[in-house]
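What follows is a single structure, written as structure tokens, with notes after it.
The values are calculated or read from the model by the stated rules, or taken from the named source; none is laboratory data. No experiment lies behind these values; they were computed from the predicted model shown. FYI the Cβ positions are ideal-geometry reconstructions off the backbone, even for glycines, and counts take in every protein chain you see.
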Amino acid sequence: MIAHVTLGVSNYEKAKVFYEKVLKTVGYEFTEDHPEWKAGGFKEGGHTSFWIGEKDVVVPSHVAFETKDRASVDAFHKEALAVGWRDNGAPGYRKEYWPGYYAAFAHDRDGNNVEAVWYDYDAK
């Protein structure tokens, strides 16, 4: 089980503002601010499990956040584009993954591929 993960960003102060807005749509809240480390964390449920941290060199990565419903995926994508992230896949079913995989993707300002996904177990 993964306890936490950190995604690299080129500018922590700017990124935390964008991530706070976008991750709120999938149930995360900004809980840990460590400007002295240029890092901060977000909590959903029991503990702070997702972090962003400023790096001299950012190697774009992919992270997916499971949502509670389809509307949260839609809200994630809308907010991601509103804060200036680049569309990398509008909300929709990804039947090539499996019939109930409903997701949206956006690249943050550092090229990280951030995804929101809802598992629709009733889809056929």
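Being closer than 15 Å to VAL83 by Cβ and in contact with a Phe, Trp or Tyr (Cβ under 6 Å, 6 or more places away or on another chain) is the filter here, so list the residues in region 7-41 that pass it. Those that are closer than 15 Å to VAL83 by Cβ and in contact with a Phe, Trp or Tyr (Cβ under 6 Å, 6 or more places away or on another chain): GLU20, LEU23, THR25, VAL26, TYR28, PHE30.
Just to be sure, is ALA90 surrounded by 20 or more Cβ atoms within 10 Å (Cβ to Cβ) and not in a strand (DSSP E or B)? Here the answer is no, as ALA90 does not meet what is asked. Looking across region 33-66, just one residue is surrounded by 15 or more Cβ atoms within 10 Å (Cβ to Cβ) and modelled with pLDDT under 95, and that is GLU44. Would you check if there is a residue in region 46-57 being in contact with a Pro (Cβ under 6 Å, 6 or more places away or on another chain) and under 22 Å from PHE30 (Cβ atoms)? Among the residues of region 46-57, not one is in contact with a Pro (Cβ under 6 Å, 6 or more places away or on another chain) and under 22 Å from PHE30 (Cβ atoms), which makes the answer no.
Take PHE30 and tell me if it is free of Cβ contacts under 8 Å to residues at least 24 places away in the same chain and surrounded by 14 or more Cβ atoms within 10 Å (Cβ to Cβ). It is true that PHE30 is free of Cβ contacts under 8 Å to residues at least 24 places away in the same chain and surrounded by 14 or more Cβ atoms within 10 Å (Cβ to Cβ).
Of the residues screened, LYS24 is not one that is under 18 Å from ALA106 (Cα atoms), charged (D, E, K, R) and surrounded by 20 or more Cβ atoms within 10 Å (Cβ to Cβ). Going through (1) closer than 18 Å to ASP108 by Cβ; (2) free of Cβ contacts under 8 Å to residues at least 60 places away in the same chain one by one, LYS14 falls short only on (2). Taking region 108-124 on its own, how many of its residues are in contact with a helix residue (DSSP H, G or I) (Cβ under 9 Å, 6 or more places away or on another chain) and either under 12 Å from VAL22 (Cα atoms) or part of a strand (DSSP E or B) (or both)? Final tally of qualifying residues: 6.
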